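The values are calculated or read from the model by the stated rules, or taken from the named source; none is laboratory data. Bear in mind the structure is a predicted one, so any value in this text is a computation, not a measurement. Heads up, the Cβs are rebuilt from the backbone with ideal geometry, glycines too, and the neighbour counts pull from every protein chain shown. Ligands, DNA and RNA are stripped out before the accessible areas are found, and what is left, the full protein with its side chains, is counted by its heavy atoms. Shrake-Rupley method; radii C 1.70, N 1.55, O 1.52, S 1.80 Å.
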Amino acid sequence: MKRLILTLLVLSFIWQAAYARPLYFGEFWNNIAYYSTNVEKKNFDSFLGRFEGKLGVNLFDSPFQAYGVYYCAASQSTDYWDNSLFYGAGLRFKPFEQYHGTSWANEWITDFKIFVESLSSTYLKDAASAEAAGLATTDVRAGFDLWHEWNLDAPIPSVPWGELWANLSYRQTNFGWEDFNNYVFYFQPKIGRHLGSGIGVYLCGDLTYSGKSGPSYSFLNVADYGVGIRFEPFRANGDENDLMRKFKMYAEFLGVTYLKDQPIDPNKKVSSDIRFGIDFSNGR
């Protein structure tokens, strides 16, 4: 797959150089926050950073894109699963790129993407334990991804704002200790109100659901839900290409519900989480 993507990249460079079409695209998401439990253990009480990025090219005059990708977690914790780097290459297809929605109910359709990625892993801390656990070092994932925002650019203050990230992928290994061969679904909506001066309050959810069952997979079948408040100091005046335009400072107070089995270890069974930190993205 990586060889195919490289070939497509070379051909696309030649095509777009000849026809002077836009070539590159980049998408980045960065989040650094304190978590009281992180839906992981009662005394997590640590800062955790999550960083994701895609850098690639538009393939010819088509809705296809090829890209390099990384998913990184870095924490004060010494656990390898909170200090990981998954990286590789992907292809994706934007089937509704030319669609123009008529209202808030269908405008999100244009952001629907279908993808396939081939990934490898490395660990930033305690890699020896990851190796001893027999974790897979590669994974292939395929599915769909959606990110959309409502009423956040040039907002109408009297109208609610919203954000939605949804991702469904079938995963070969999920970098786990056994063959995974199943799906993982993420669904993270936010709906809020503008309070003025870049401040917003909101209701939020963070659902993770998988076809896998059992106490060992409780972390893949869990829902967080609650309220939050955030401050976006640069959104109103930031240029569309400003790297920090979507910079946010936020705090969230969440309840936790296990959707299938609960963890066997009572220290890993949590009922709430408090999070506060910063979040910023660019290109999505």
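Of all the listed residues (ASP261, ASP224), the sole one being more than 23 Å from GLY26 (Cβ to Cβ) and either in a loop (DSSP other than H, G, I, E, B) or among the basic types (Lys, Arg) (or both) is ASP261.
Being open to solvent by 30 Å² or more (accessible area, probe 1.4 Å) and closer than 24 Å to LEU146 by Cβ is a condition met by no residue of segment 73-85. What do you reckon, is ILE274 out of contact with any Lys or Arg (no Cβ under 6 Å at 6 or more places or on another chain) and either over 21 Å from TYR34 (Cα atoms) or open to solvent by 80 Å² or more (accessible area, probe 1.4 Å) (or both)? When the stated conditions are applied, ILE274 does not pass them. If you go through segment 48-66 and keep only what is over 20 Å from LYS113 (Cβ atoms) and buried (at least 19 other Cβ atoms within 10 Å of the Cβ), you end up with just LEU48. Taking (1) in contact with a Phe, Trp or Tyr (Cβ under 6 Å, 6 or more places away or on another chain); (2) farther than 26 Å from PHE231 by Cβ; (3) open to solvent by less than 50 Å² (accessible area, probe 1.4 Å); (4) at pLDDT 95 or above in turn, ALA130 satisfies each apart from (4). The requirement of being surrounded by 17 or more Cβ atoms within 10 Å (Cβ to Cβ), within 27 Å of ASP242 (Cα to Cα) and modelled with pLDDT of 95 or more is fulfilled somewhere in segment 31-47, by at least one residue. Only one of the numbered conditions (1) open to solvent by less than 60 Å² (accessible area, probe 1.4 Å); (2) in contact with a Phe, Trp or Tyr (Cβ under 6 Å, 6 or more places away or on another chain) is violated by ASN182, and that is (2). Applying the set (1) under 24 Å from GLY53 (Cβ atoms); (2) outside any loop (DSSP other than H, G, I, E, B) to SER218 leaves exactly one unmet item: (1).
Scan segment 120-149 for residues that are of a type in the set (D, E, K, R) and assigned to a strand (DSSP E or B) and jot them down. Result: ASP139, ARG141, ASP145, GLU149. The strands (runs of 3 or more DSSP E) located wholly in segment 17-112 that include 2 or more residues which are among the charged types (D, E, K, R) occupy 46-58. Are any residues in segment 242-259 open to solvent by 60 Å² or more (accessible area, probe 1.4 Å) and farther than 16 Å from LEU152 by Cβ, and if so, which ones? Answer for segment 242-259, where residues must be open to solvent by 60 Å² or more (accessible area, probe 1.4 Å) and farther than 16 Å from LEU152 by Cβ: LEU243, PHE253, LEU259.
Restricting to segment 208-225, name every residue that is touching a residue at least 40 places away in the same chain (Cβ under 8 Å) and within 19 Å of the chain's Cα centre (by Cα). Result: TYR209, PHE219, ASN221, VAL222, ASP224.
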